Amino acid sequence: MKAEAILRFIEEIGILKNLPRTGWLIHGIKNGESIADHCYRMTLLSMVLADTLVAKGLKLDTEKVMRLALLHEIAETRIGDIPFTVLDYIPETVKEKGERKAVKSMLEQFDNIGEWYQELWEEFEQNETIEAKIVRAADKLELMIQVLEYEKLGYQSLDQFWENDWNQNGFDVNPLIQEIMALLTKKRAEQNNRA
């Protein structure tokens, strides 16, 4: 792998620092988190979950968890953050095809390493391994943590995130993850009761 390819890739990934998560904009949140903001906390959450579950005896590859978490949003560098509501108008297969094409073209400069990264990205997308399921759950948990934080700031247009079935599934991969989501739901109820 050449230094130039590495630098070009890292510079391109830097775009995520400036791209807002579109769902927040749609719901009236100005200066919401960037895609990179989400990725950082989601990756940290993935690490903590993986390490905790390994300590409790679950067999999983924590290095793979970290790699899946780091790679999971790289397509958004080229196609942007497509919010869930868009899928009412564009078939999910079109979104997936675009993301796959973007990831492949971004990673092809890395030869064998790029192919490996592509396989890891595909593993996250397929959501069949325990590692992918943990990262997918962390992705959704981080989203819901952010929703709750915005609601604490007074944004009241976010019920859709709590009512969306897609946001509410995938936590059954482990009881600890279910417990975290239950705590978030409880905190939200308490917050709403105080309002």
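None of the figures in this text is laboratory data; all of them are computed from the coordinates on show. Just so it is clear, the model here is predicted, and its values are computed rather than measured. Methodologically, a virtual Cβ is constructed for each residue, glycine included, from the backbone with ideal geometry; neighbour enumeration extends over all protein chains shown.
Residues Ile6, Ile177, arranged from fewest to most other Cβ atoms within 10 angstrom of their Cβ, appear as Ile6, Ile177. Of Glu142, Glu96, Glu33, the residue with the greatest mean-square motion in the GNM of the chain, using alpha carbon springs below 10 Å, is Glu96.
In the chain, a dipole from Cβ-located charges (positive for Lys and Arg, negative for Asp and Glu) runs towards its positive end, and of Thr77, Gly32, Val103 it is Gly32 whose Cα lies farthest in that direction.
Put one equal scatterer on each alpha carbon of the range 21-177, apply the Debye formula with no solvent term, and list log10 I(q)/I(0) at q = 0.13, 0.14 1/Å to two decimals. After summing over all Cα pairs, the log10 values are -0.64, -0.75.
Here the dipole of the range 3-194 is about 560 debye; that uses its Cα centre as origin and unit charges on the Cβ of Lys and Arg (positive) and Asp and Glu (negative). Computed over the chain with a Gaussian network model linking Cα atoms closer than 10 Å, the most mobile of Val65, Val135, Val94 is Val94.
Remark: the range 73-144 carries a charge dipole of roughly 200 debye about the Cα centre, counting +1 on each Lys and Arg Cβ and -1 on each Asp and Glu Cβ.
Across the chain, C-alpha contacts under 8 Å between residues 6 or more apart give a mean separation that, scaled by the residue count, equals a relative contact order of 22 percent.
Angle of helix 35-55 to the longest C-alpha principal axis of the chain, folded into 0 to 90 degrees and rounded to 10: 80°. Each of Thr62, Phe124, Ala182 was placed along the dipole of the chain (beta-carbon charges, centred on the mean Cα), and the one lying farthest toward the positive end is Ala182. A simple charge model with +1 on the Cβ of Lys and Arg, -1 on the Cβ of Asp and Glu and nothing else charged puts the dipole of the range 1-61 at about 140 debye relative to its Cα centre. Against the chain, whose longest principal axis comes from its Cα atoms, helix 175-194 is set at around 40 degrees.
Comparing Gln191, Ile113, Gly23 along the charge dipole axis of the chain, the residue lying farthest to the positive side is Gln191, per the Cβ-charge model. Rounded to the nearest 500, the helix-only mean residue ellipticity at 222 nm of the chain stands at -21500 deg cm²/dmol, with each DSSP H run of n ≥ 4 adding -39,500 (n - 2.57). Any of Lys140/Lys187; Lys64/Lys140; Lys30/Lys97 with alpha carbons more than 28 Å apart? Name them for me. Cα-Cα > 28 Å for Lys30/Lys97; rest within.
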